[in-house]
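S.K.: My questions will all concern the structure given below.
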Amino acid sequence: MNKKPAFTTICSLFFLVMILSNTATANESMLMEAPIIIDGQTFRTPYIMRDGHLLVPAIFVKNTGAYVDKNEAFHSIVFSRGETKFAIPIGKNYSDDFDRLTGNWIRKPLATSSIEFQGVPFIPLIDVVKKLGMNVQYDANLGRTFITTNFHIKSNVVRKANTKEKLVALTFDDGPEDYYTPQIIDVLKQKNAPATFFVVGRQVQLFPEVMKQIVKEGHGIGNHTWNHPDLRKEWSGKVKEEIRMTQDEMEGVVGRRPHLFRPPFGAITKSDMRLLNDLGMKNMHWSVDTLDWSGLSADEILEIVHRDVSPGGIILQHNFQSNVRMLDGTVEALPRIIDELRAKGYTFVTLQTLLDMEQEE
């Protein structure tokens, strides 16, 4: 007679635990976002609270300028900055810190365990940034976490050249391919106007003859990664590999390894900027975004160009493959851009020439 109530109590407790567990899982599947201020700049990130500690996706730390990589063999995340290097095994409450003097890895405790949620590794933010030599504090009144990296990374973003001369550079992203690129090259040849093509490595591999034609016609080239990923979402080692593979492919096809680089979508972290500096590459953005990728008409593209162009300007256009003819406006607008800007006194040059002219001033 006494066993039935006991059994009922045990079942009730079991179901209570299950309910609580399911509630926690549901909450974590709908992650909230928190603003984190790094050197005065605000970044938003999904987060998880565990044992009173803030956990964020490991790759978020790239915003501080540190290199972040995933070691698949040891199922860990590796962070490095200057002489500091350590690994955090996923699911553990410790780090393995590399001692450069002895060449040994030393195990040290963390405030809480790292976790993996929906395939994304989350790490205790405070522990990690402190280990990287950064200052961090939480302002309870503002509800904000502030990080001071104590880490200067030279800005390498070039949006336009610092010149008063009416020089302008036409640039085309995402090729080469065999429909729009040949048309663009023909227009440029007819108008005797040089341009700069930021090429995707896999496209160079697919269309080597078109790539050779770009160089043969005297146009500049730049690196636009191998697969066109959002670099903010890629491990540091993957970013470096995207650049290296494209450099190798260009060298194999046209014998050049350009030092001009343009990140896909113009999206980049402080860590990626640091990597470009380490590789000696210029981070080329633009001052005139024609938005041609969205299928704008030639008239709409021209309106943007005339509105935004200025001496030293860099005009962004595209030459990607499109089954729905998204870039017809680009081809139609190009000869008019050249003629109308020349009528205003502009001279078209490659990006490298534009940079060289800036250095001469």
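S.K.: Within the stretch 322-335, is even one residue closer than 25 Å to K164 by Cβ and among the aliphatic types (A, V, I, L, M)?
M.R.: No, the stretch 322-335 has no match at all.
S.K.: Would you please name the residue that is nearest to the chain's Cα centre (by Cα), looking only at residues in the stretch 56-82 that are under 21 Å from T269 (Cβ atoms) and part of a loop (DSSP other than H, G, I, E, B)?
M.R.: The qualifying residue nearest to the chain's Cα centre (by Cα) is G65.
S.K.: Also: Among the candidates L132, L110, L101, single out the residue that is loosely packed, with under 14 Cβ neighbours inside 10 Å, in the same structural domain as L55 (by TED's automatic domain parsing) and hydrophobic (A, V, I, L, M, F, W, C).
M.R.: L101
S.K.: Still on this model: From K154, K164, K191, grab the single residue that is over 30 Å from L125 (Cβ atoms) and at pLDDT below 95.
M.R.: K164
S.K.: Would you pick out the residues in the stretch 111-121 that are of a type outside the set (V, I, T) and closer than 17 Å to E72 by Cβ?
M.R.: Residues satisfying the conditions are S114, E116, G119, P121.
S.K.: Right, here's the next one. I'm told V168 meets every condition in (1) in contact (Cβ under 8 Å) with a residue 60 or more places away in the chain; (2) surrounded by fewer than 22 Cβ atoms within 10 Å (Cβ to Cβ); (3) not aromatic (F, W, Y) except one. Can you identify the failing condition by its number?
M.R.: (2)
S.K.: While we're looking at this one, here's another question. Looking at the stretch 83-107, which of its residues are in a strand (DSSP E or B) and in contact with a helix residue (DSSP H, G or I) (Cβ under 9 Å, 6 or more places away or on another chain)?
M.R.: T84, F86, I88, S95, D97
S.K.: OK, next. State whether one or more residues within the stretch 309-322 are over 20 Å from L188 (Cβ atoms), under 29 Å from the mean Cα position of the chain (by Cα) and surrounded by fewer than 19 Cβ atoms within 10 Å (Cβ to Cβ).
M.R.: Looking for residues that are over 20 Å from L188 (Cβ atoms), under 29 Å from the mean Cα position of the chain (by Cα) and surrounded by fewer than 19 Cβ atoms within 10 Å (Cβ to Cβ), one finds at least one in the stretch 309-322, hence yes.
S.K.: Being closer than 17 Å to V187 by Cα, of a type in the set (S, T, N, Q) and in contact (Cβ under 8 Å) with a residue 60 or more places away in the chain is true for just one of T330, T269. Which residue is that?
M.R.: Exactly one residue qualifies, and that residue is T330.
Results for (1) surrounded by 15 or more Cβ atoms within 10 Å (Cβ to Cβ); (2) touching a strand residue (DSSP E or B) at 6+ places or on another chain (Cβ under 8 Å); (3) modelled with pLDDT of 95 or more; (4) not in a loop (DSSP other than H, G, I, E, B), shown as yes or no for each residue.
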site	(1), (2), (3), (4)
I221	yes, yes, yes, yes
E251	no, no, yes, yes
P258	yes, yes, yes, no
R274	yes, yes, yes, yes
L296	yes, no, yes, no
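S.K.: What pairs come out if I take residues in the stretch 211-224 that are touching a residue at least 40 places away in the same chain (Cβ under 8 Å) and pair them with residues that are of a type in the set (D, E) and outside any loop (DSSP other than H, G, I, E, B) whose C-beta lies under 8 Å away, six or more apart or interchain?
M.R.: H224/D173
S.K.: When residues of the stretch 118-144 are filtered for being part of a strand (DSSP E or B) and modelled with pLDDT under 95, how many remain?
M.R.: 4
S.K.: Could you tell me which residue of the stretch 78-98 is surrounded by the fewest Cβ atoms within 10 Å (Cβ to Cβ), considering only residues that are among the small types (G, A, S) and touching a strand residue (DSSP E or B) at 6+ places or on another chain (Cβ under 7 Å)?
M.R.: G91
S.K.: Taking the residues in the stretch 25-43 that are of a type in the set (D, E, K, R) and closer than 17 Å to P121 by Cα as candidates, determine which candidate is modelled with the highest pLDDT.
M.R.: That would be E33.
The values are calculated or read from the model by the stated rules, or taken from the named source; none is laboratory data. Worth saying up front: this structure is predicted, and the values here are computed from it rather than measured. Cβ atoms come from the backbone with ideal geometry, glycine included; neighbour counts cover every protein chain shown.
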